[in-house]
């Protein structure tokens, strides 16, 4: 049983972006999804990247670049993020907790990930839901204990895990941080130029 793993959701259709934002290049020259994985990689013994149905080529590229990376092609990815998250959680039942990252949030700082993991470990016995916040706005990644897996696997459509966070508000530990990267995702091409980069 692995204590905690990272689940990176990268199965969206990028409709608003107008192309495959996962492969789009940041000013650093690195692709968005690869940058996110690079940030997450040192902190976890196992990482599962949830990709779209049919993303065989991208899965191969990522596995060649990141040794030991796990990928999963979500069969119902076209139906929305809820399906992709549910399918992803079904693959990681051996994790005692899952840190849910978004593949299009490459600006998170390493010290923020450390801070969230420390808070999880500190409160582990109370089955916490760890949520980072920047200026009182909740962001990602969110760490869920295994206690919530059954409900996470029941998600569907475009419903993310916010409903579960709301339902178990008394288990939520909000962790204030000075990192805009917990909020800033890439929806449009201009978002590639992060203000703090």
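Residue 171 passes all but one of (1) in contact with a strand residue (DSSP E or B) (Cβ under 6 Å, 6 or more places away or on another chain); (2) surrounded by 21 or more Cβ atoms within 10 Å (Cβ to Cβ); which number fails?
Evaluating residue 171 over (1) in contact with a strand residue (DSSP E or B) (Cβ under 6 Å, 6 or more places away or on another chain); (2) surrounded by 21 or more Cβ atoms within 10 Å (Cβ to Cβ) leaves (2) as the failure.
Being over 12 Å from residue 101 (Cα atoms) and crowded, with 16+ Cβ neighbours inside 10 Å is the filter here; which residues of region 21-37 pass it?
Result: 21, 22, 24, 26, 31, 32, 34, 35.
So residue 159 ticks every box in (1) surrounded by fewer than 18 Cβ atoms within 10 Å (Cβ to Cβ); (2) part of a loop (DSSP other than H, G, I, E, B); (3) free of Cβ contacts under 8 Å to residues at least 60 places away in the same chain but one. Which box is left unticked?
Here residue 159 meets the rest and fails (3).
Identify all residues within region 46-64 that are closer than 30 Å to residue 121 by Cα, in contact (Cβ under 8 Å) with a residue 24 or more places away in the chain and over 15 Å from the mean Cα position of the chain (by Cα); write none if there are none.
Result: 62, single match.
Just to be sure I understand the filter: pairs with C-beta atoms under 8 Å, separated by 6 or more residues or on different chains, first member in region 19-43 and on the phi < 0 side of the Ramachandran plot and in a strand (DSSP E or B), second member exposed (fewer than 15 other Cβ atoms within 10 Å of the Cβ) and at pLDDT below 95. Which pairs pass?
Close Cβ pairs (under 8 Å, with a partner that is exposed (fewer than 15 other Cβ atoms within 10 Å of the Cβ) and at pLDDT below 95) amount to 31/23; 31/25.
Do we have any residue at all in region 127-138 that's more than 16 Å from the chain's Cα centre (by Cα), buried (at least 20 other Cβ atoms within 10 Å of the Cβ) and either touching a residue at least 24 places away in the same chain (Cβ under 8 Å) or within 19 Å of residue 3 (Cβ to Cβ) (or both)? It would help to see each step written out before you state the result.
In the first step, residues of region 127-138 are kept if they are more than 16 Å from the chain's Cα centre (by Cα); the result is 127-128, 134-137.
Subsequent filtering for residues that are buried (at least 20 other Cβ atoms within 10 Å of the Cβ) retains 128.
Filter once more, so that each one left must be either touching a residue at least 24 places away in the same chain (Cβ under 8 Å) or within 19 Å of residue 3 (Cβ to Cβ) (or both): 128.
So far as region 127-138 goes, yes, one or more of its residues are more than 16 Å from the chain's Cα centre (by Cα), buried (at least 20 other Cβ atoms within 10 Å of the Cβ) and either touching a residue at least 24 places away in the same chain (Cβ under 8 Å) or within 19 Å of residue 3 (Cβ to Cβ) (or both).
Within region 107-130, is even one residue at pLDDT below 95, outside any helix (DSSP H, G or I) and within 16 Å of residue 85 (Cβ to Cβ)?
Checked region 107-130: no residue is at pLDDT below 95, outside any helix (DSSP H, G or I) and within 16 Å of residue 85 (Cβ to Cβ).
Given (1) part of a loop (DSSP other than H, G, I, E, B); (2) out of contact with any strand residue (DSSP E or B) (no Cβ under 8 Å at 6 or more places or on another chain), where does residue 178 come up short, assuming only one miss?
(2) is the only condition that residue 178 fails.
The values are calculated or read from the model by the stated rules, or taken from the named source; none is laboratory data. These figures come from a predicted structure and were not determined experimentally. Every residue, glycine as well, gets a Cβ built from its backbone with ideal geometry; the counts of neighbours run over all protein chains shown.
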